[in-house]
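Only one structure is covered here, and it is reproduced in the block below.
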Amino acid sequence: MLEKSFFYKTVLLPSLQLILTFFLMNEPFSSHADPLRPKKADAPPLTPATALLDTIGGALKTIREESPVFYHQLELKMIEKKQTLAEKFLSELSPAVMEQPQPAPAADSKENALFSSHLSNDRILYLGIGNFGQELCRHLEFELKKTIRDNMHLTGIILDLRNCSGGNAQDAQDVFSLLSFDAKHKTVLNDPVPILVLTDSETAGPAEILAKLLEHTRYGLCIGEKTKGTPFPRKKIHSGKLVLYVPLIPEELGTLTPDALTPAIRTAVKPRMKYRDLSENKPVTEKSDPALNRARGLLLSLDTLNKKWRK
């Protein structure tokens with residue numbers, strides 16, 4: 001009995017473990033394979049890429065623990081391409097995940113949370129968000145209800161998110177719920193209207209989330225420049241010598257990617273008209289504000305087409 005036990009512990013068990021390890025390391029990634037194990041290569045030369053691959057298994061395990069939604073997004077991409085997660089790990093990761101994120105500028109407490117104005121004979125509602133916070137939704141709801149109370153039939157809404165950051169994901173979802181015409185959300189507007197969102201390279205954080213949410217609707221469209229690419233907060237994780245900054249994506253926002261948003265319509269975003277000039281009804285032109293002028297012209301064109309269609 002002792003001899004059998006000794007043989008089992010010293011010979012049979014290590015052999016089985018070795019065979020199992022060899023099988024798993026060579027198993028291609030599929031819905032049945034372990035995505036955490038990189039595919040084994042035949043003595044690859046030691047390069048930065050292969051050195052990085054050595055730590056991928058641990059990195060993916062940490063990502064799965066810290067940000068399961070982001071891990072699931074990576075996993076779905078690999079299943080779709082029928083490749084090992086290790087083979088495409090580097091190319092599928094957003095470059096921003098490999099770089100230390102730049103801190104978003106602090107919101108200016110002196111800047112109004114919301115500025116509103118009516119353009120083109122009160123038919124277009126302009127909403128400029130200065131910063132996200134507790135006051136924003138209250139001011140936005142008041143402005144929308146005032147528009148309805150004054151019996152204004154809107155051609156559309158221009159939501160200016162240029163140079164806007166700070167706040168959190170919940171702030172973006174609260175604002176979206178006021179502007180959404182989805183049955184799952186409450187809105188104070190009676191009928192759907194086009195919402196054009198102005199973005200630039202400083203559109204970040206909750207402003208970026210809000211732009212992405214509206215872009216996913218049938219009535220939202222983004223105009224301007226590519227956003228900053230930091231919609232979600234990131235957590236620094238270590239796996240060996242590998243350092244990653246993993247986006248912490250809320251489960252309810254799992255359909256949104258953590259990268260930058262590229263507007264459907266690209267245009268210059270500077271110069272930008274000051275709120276004071278808009279409140280004084282100064283004309284919006286290509287020279288004074290090309291992005292705002294582009295959005296205004298598009299809404300007026302849509303309104304003309306709608307009137308023609310209704311005749």
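The values are calculated or read from the model by the stated rules, or taken from the named source; none is laboratory data. Everything numeric in this text was worked out from a predicted model, so none of it was measured. We place every Cβ from the backbone using ideal geometry, glycine too, and count neighbours over all the protein chains shown.
A few remarks follow.
- Residue in the stretch 166-179 that is of a type in the set (Phe, Trp, Tyr) and modelled with pLDDT under 90 present: no
- Sub-9 Å Cβ pairs linking a first residue in the stretch 193-214 that is closer than 23 Å to Ser301 by Cβ and in the same structural domain as Pro271 (by TED's automatic domain parsing) to a second residue that is part of a strand (DSSP E or B) and among the polar types (S, T, N, Q), at least 6 apart or interchain, are Ala211/Thr199, ordered by first then second residue.
Here is a yes/no grid of residues against (1) touching a Ser or Thr at 6+ places or on another chain (Cβ under 6 Å); (2) surrounded by fewer than 23 Cβ atoms within 10 Å (Cβ to Cβ):
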{"residue": "Leu189", "(1), (2)": "no, yes"}
{"residue": "Val197", "(1), (2)": "no, no"}
{"residue": "Pro206", "(1), (2)": "no, no"}
{"residue": "Ile237", "(1), (2)": "yes, yes"}
{"residue": "Tyr245", "(1), (2)": "no, yes"}
{"residue": "Leu248", "(1), (2)": "yes, yes"}
{"residue": "Gly254", "(1), (2)": "no, yes"}
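- Pair list, Cβ under 6 Å, 6 or more apart: the stretch 274-295 residue at pLDDT 90 or above, other residue assigned to a helix (DSSP H, G or I): Val284/Leu292; Val284/Asn293; Val284/Arg296; Thr285/Asn293; Glu286/Asn293
- Yes/no for Thr230 being of a type in the set (Val, Ile, Thr), loosely packed, with under 14 Cβ neighbours inside 10 Å and more than 17 Å from Asp160 (Cβ to Cβ): no
- Of the residues making up the stretch 115-159, those that are closer than 17 Å to Leu198 by Cβ and touching a Gly at 6+ places or on another chain (Cβ under 7 Å) are Phe115, Ile124, Asn131, Phe132.
- Scanning the stretch 221-233 for any residue that is free of Cβ contacts under 8 Å to residues at least 12 places away in the same chain and of a type outside the set (A, V, I, L, M, F, W, C) turns up nothing.
Yes/no matrix, rows are residues, columns are (1) more than 14 Å from Glu202 (Cα to Cα); (2) assigned by TED's automatic domain parsing to the domain that holds Asn306; (3) among the aliphatic types (A, V, I, L, M); (4) surrounded by 20 or more Cβ atoms within 10 Å (Cβ to Cβ):
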{"position": "Gln134", "(1), (2), (3), (4)": "yes, yes, no, no"}
{"position": "Cys137", "(1), (2), (3), (4)": "yes, yes, no, no"}
{"position": "Lys145", "(1), (2), (3), (4)": "yes, yes, no, no"}
{"position": "Ile148", "(1), (2), (3), (4)": "yes, yes, yes, no"}
{"position": "Leu154", "(1), (2), (3), (4)": "yes, yes, yes, yes"}
{"position": "Ile157", "(1), (2), (3), (4)": "yes, yes, yes, yes"}
{"position": "Asp160", "(1), (2), (3), (4)": "no, yes, no, yes"}
{"position": "Ser165", "(1), (2), (3), (4)": "no, yes, no, yes"}
{"position": "Ala169", "(1), (2), (3), (4)": "yes, yes, yes, yes"}
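- Considering (1) over 26 Å from Thr230 (Cα atoms); (2) of a type in the set (S, T, N, Q); (3) at pLDDT 95 or above, the lone condition that Ser120 does not fulfil carries the number (3).
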